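Engineer: Please find one structure pasted underneath; my questions will follow.
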Amino acid sequence: MKIAMIGTGYVGLVSGVCFSNFGHEVVCVDKDPRKLEALNAGQVPIYEPGLDELMARNVEAGRLTFTGDLKEAVAGADAVFIAVGTPTRRGDGHADLTYVYAAAEEIAGALTGYAVVVTKSTVPVGTNRQVKQIIRKAAPEAEFDVASNPEFLREGAAIDDFMKPDRVVVGCQSDRAREVMGAIYRPLFLREFPIVYTDLESAEMIKYAANAFLATKITFINEIAALCEKVGADIKDVSKGMGLDGRIGNKFLHAGPGYGGSCFPKDTKALARIGQDNAVPMQITESVIEVNDRIKRRMIDKILDLCGGSVNGKTIAVLGVTFKPDTDDMRDAPSLTIVPALIGGGAKVRACDPQGEREGAELLPGVHWVADAYKAAQGSDCIVILTEWNEFRALDLKKLARKAAAPRMADLRNIYAPRDAKRAGFLAYASIGRSDYLAEPAAETKPG
């Protein structure tokens with residue numbers, strides 16, 4: 001099969017590389033000359049474990065190419081995937097479909113024979129029918145079908161998610177389109193991974209419903225964590241006890257500083273707006289959005305409490321700024337709320353992140369970047385763990401405490417146990433959803 005992938009952002013690039021690894025001929029299209037130059041030079045513009053090697057292998061095999069010429073890429077294609085951005089539209093929370101509709105118009109002028117135009121981008125219900133109308137209006141004689149094929153990729157595990165999916169969702173209207181999509185995903189069908197065929201609207205809704213539900217799980221456990229702190233329960237034990245229930249499951253039940261990333265923030269907002277537009281308020285989703293914002297602010301209060309009520313003039317070491325480990329994605333990361341608040345409160349922030357500096361340097365002005373956790377901790381008044389990178393999971397806590405001017409730690413990912421922090425010499429330690437060993441701010445002394 002010949003596939004044209006319009007857009008080489010996170011979804012488009014991962015999908016294009018993985019489709020080529022299935023054996024398909026894939027041409028990825030992008031309008032950014034600098035990005036194309038990098039891709040054609042074998043450079044991956046995003047950080048995703050294993051993606052660089054997989055891309056290089058398929059480029060070398062001749063199955064994967066990159067171009068800025070959409071017309072050339074679409075000509076003769078069996079399927080054309082739209083994988084452009086759908087960011088939150090400023091002011092109203094709606095998904096911005098400008099790039100999707102522009103791509104549809106360009107595709108209309110490039111079709112040379114029958115093709116399935118597949119929306120891979122996350123789009124509100126009804127968008128695929130609008131895409132069909134745009135193409136039909138621009139090219140009345142074109143022979144095509146439209147399909148919805150939402151992605152369910154976790155950043156940091158995207159290749160595995162693509163190759164071993166929980167399910168593939170395909171919304172289409174004709175047997176011919178279903179045959180083309182079946183041929184594209186044949187390698188997964190042969191390995192008996194579930195492929196759910198449905199109508200366009202249901203496929204569009206599945207994506208939003210799934211992401212909103214996962215965001216709800218995260219937010220729910222974070223609210224329970226806040227209550228655990230008040231009543232003396234341990235959120236880790238509570239999460240484990242909940243997760244062993246097969247009806248609930250243990251995923252997305254880890255307390256933290258709130259969700260972020262490319263999907264949950266914009267998709268929950270878009271679902272809330274879809275509900276409002278259809279006079280069916282998504283009250284749970286609306287509450288999730290509000291509570292998640294409040295959780296991020298609660299993290300700021302934790303750090304302030306550790307520092308005696310103020311961070312003015314203090315040095316704060318921040319370990320991790322990306323919204324999750326194994327990605328360089330900073331979109332809606334908790335750090336974008338927490339770090340500016342610390343700087344605004346008069347703190348000097350020293351940050352360390354294995355992949356976050358490239359984007360973080362622009363998004364977090366005023367931050368001093370260092371290479372490792374121990375350099376970040378040197379002379380600090382508080383160490384804040386914001387992202388649970390593996391590099392931060394096995395730190396020498398005694399060495400970390402010795403480096404600090406005032407050994408305090410805000411462990412906002414519950415990586416360490418309070419007793420271990422205390423034994424290592426930390427005079428104050430705060431985590432999420434647990435009774436920490438010291439409620440009062442630490443004294444301005446180093447451990448003996």
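Engineer: Check the range 244-252 and report whether any residue there is surrounded by fewer than 22 Cβ atoms within 10 Å (Cβ to Cβ), of a type in the set (Phe, Trp, Tyr) and within 27 Å of residue 128 (Cβ to Cβ).
Structural biologist: Checked the range 244-252: no residue is surrounded by fewer than 22 Cβ atoms within 10 Å (Cβ to Cβ), of a type in the set (Phe, Trp, Tyr) and within 27 Å of residue 128 (Cβ to Cβ).
Engineer: Let me ask something additional. With the structure loaded, tell me whether residue 123 is on the phi < 0 side of the Ramachandran plot and assigned to a strand (DSSP E or B) or whether it fails that test.
Structural biologist: no
Engineer: Starting from residues that are under 16 Å from residue 265 (Cα atoms) and of a type in the set (D, E, K, R), keep the ones in the range 175-222 and report whichever is surrounded by the most Cβ atoms within 10 Å (Cβ to Cβ).
Structural biologist: 207
Engineer: While we're here: Looking for whichever is under 19 Å from residue 436 (Cβ atoms) and either touching a residue at least 60 places away in the same chain (Cβ under 8 Å) or part of a helix (DSSP H, G or I) (or both) here; the options are 233, 215, 210. Which one fits?
Structural biologist: Criteria check complete, one pass: 233.
Engineer: Confirm whether residue 168 is of a type in the set (A, V, I, L, M, F, W, C) and buried (at least 16 other Cβ atoms within 10 Å of the Cβ). Walk me through it before giving the result.
Structural biologist: Values: of a type in the set (A, V, I, L, M, F, W, C): yes; buried (at least 16 other Cβ atoms within 10 Å of the Cβ): yes.
Yes, satisfied.
Engineer: Just to check your reading of the model, which residue among 332, 293 is within 21 Å of residue 269 (Cβ to Cβ), surrounded by fewer than 19 Cβ atoms within 10 Å (Cβ to Cβ), acidic (Asp, Glu) and within 20 Å of the chain's Cα centre (by Cα)?
Structural biologist: Going through 332, 293 in turn, the sole match is 293.
Engineer: On to the next question. Hey, among 327, 387, which residue is of a type outside the set (A, V, I, L, M), surrounded by 22 or more Cβ atoms within 10 Å (Cβ to Cβ) and within 25 Å of residue 237 (Cα to Cα)?
Structural biologist: Details: 327 fails: within 25 Å of residue 237 (Cα to Cα).
Just a single option satisfies the conditions, and that option is 387.
Engineer: For the range 365-448, give me every one of the helices (runs of 4 or more DSSP H) that falls completely inside it and has 1 or more residues that are of a type in the set (Lys, Arg), modelled with pLDDT of 95 or more and closer than 30 Å to residue 48 by Cα.
Structural biologist: Of the helices (runs of 4 or more DSSP H) lying wholly inside the range 365-448, those with at least 1 residues that are of a type in the set (Lys, Arg), modelled with pLDDT of 95 or more and closer than 30 Å to residue 48 by Cα span 373-377.
Engineer: While we're here: Sort out which residues of the range 308-321 are crowded, with 24+ Cβ neighbours inside 10 Å and out of contact with any Ser or Thr (no Cβ under 6 Å at 6 or more places or on another chain), and write them in order of number.
Structural biologist: Answer for the range 308-321, where residues must be crowded, with 24+ Cβ neighbours inside 10 Å and out of contact with any Ser or Thr (no Cβ under 6 Å at 6 or more places or on another chain): 311, 316, 318, 319.
Engineer: With respect to residue 405, determine if the residue is touching a residue at least 24 places away in the same chain (Cβ under 8 Å) and out of contact with any helix residue (DSSP H, G or I) (no Cβ under 8 Å at 6 or more places or on another chain).
Structural biologist: yes
Engineer: Within the range 397-426, take every residue that is small (Gly, Ala, Ser) and buried (at least 17 other Cβ atoms within 10 Å of the Cβ) and give me the one that is farthest from residue 233 (Cα to Cα).
Structural biologist: 404
Engineer: Something else: Just to be sure, is residue 113 assigned to a loop (DSSP other than H, G, I, E, B), in the same structural domain as residue 187 (by TED's automatic domain parsing) and under 30 Å from residue 282 (Cα atoms)? Write out each step before concluding.
Structural biologist: On the way: assigned to a loop (DSSP other than H, G, I, E, B): yes; in the same structural domain as residue 187 (by TED's automatic domain parsing): yes; under 30 Å from residue 282 (Cα atoms): no.
Considered against the rule, which asks whether it is assigned to a loop (DSSP other than H, G, I, E, B), in the same structural domain as residue 187 (by TED's automatic domain parsing) and under 30 Å from residue 282 (Cα atoms), residue 113 comes out as no.
Engineer: Do you know which of the residues in the range 370-426 that are touching a Leu at 6+ places or on another chain (Cβ under 8 Å) and among the β-branched types (Val, Ile, Thr) is farthest from residue 321 (Cα to Cα)?
Structural biologist: For the range 370-426, the residue satisfying everything is 383.
Engineer: Being of a type outside the set (Lys, Arg), part of a helix (DSSP H, G or I) and either assigned by TED's automatic domain parsing to the domain that holds residue 205 or surrounded by fewer than 21 Cβ atoms within 10 Å (Cβ to Cβ) (or both) is the filter here, so list the residues in the range 136-161 that pass it.
Structural biologist: Of the range 136-161, the ones of a type outside the set (Lys, Arg) are 138-153, 155-161.
Next cut, part of a helix (DSSP H, G or I) only: 138, 158-161.
138, 159, 160, 161, listed by residue number.
Engineer: Please note which helices (runs of 4 or more DSSP H) are completely contained in the range 248-352 and include at least 1 residues that are under 22 Å from residue 378 (Cβ atoms) and assigned by TED's automatic domain parsing to the domain that holds residue 219.
Structural biologist: 283-306, 335-344
Engineer: Look through 299, 330 and report the one residue that is of a type outside the set (D, E, K, R) and free of Cβ contacts under 8 Å to residues at least 60 places away in the same chain.
Structural biologist: 330
Yes or no, residue by residue, for (1) surrounded by 23 or more Cβ atoms within 10 Å (Cβ to Cβ); (2) in contact (Cβ under 8 Å) with a residue 60 or more places away in the chain; (3) out of contact with any strand residue (DSSP E or B) (no Cβ under 8 Å at 6 or more places or on another chain):
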| residue | (1), (2), (3) |
| --- | --- |
| 46 | no, yes, yes |
| 67 | no, no, no |
| 80 | yes, yes, no |
| 87 | no, yes, no |
| 93 | no, yes, yes |
| 96 | no, no, no |
| 101 | no, no, yes |
| 113 | no, no, yes |
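Engineer: Something else now. Is it the case, given these coordinates, that residue 129 is in contact with a helix residue (DSSP H, G or I) (Cβ under 9 Å, 6 or more places away or on another chain), at pLDDT below 95 and either surrounded by fewer than 20 Cβ atoms within 10 Å (Cβ to Cβ) or in the same structural domain as residue 273 (by TED's automatic domain parsing) (or both)?
Structural biologist: Details: in contact with a helix residue (DSSP H, G or I) (Cβ under 9 Å, 6 or more places away or on another chain): yes; at pLDDT below 95: no; either surrounded by fewer than 20 Cβ atoms within 10 Å (Cβ to Cβ) or in the same structural domain as residue 273 (by TED's automatic domain parsing) (or both): yes.
Here the answer is no, as residue 129 does not meet what is asked.
Engineer: Which ones in the range 236-250 are touching a residue at least 12 places away in the same chain (Cβ under 8 Å) and among the basic types (Lys, Arg)?
Structural biologist: 236
The values are calculated or read from the model by the stated rules, or taken from the named source; none is laboratory data. Everything quoted here is computed from the prediction, not taken from an experiment. Here Cβ is always computed from backbone atoms with ideal geometry, including for glycine, and neighbour counts include all displayed protein chains.
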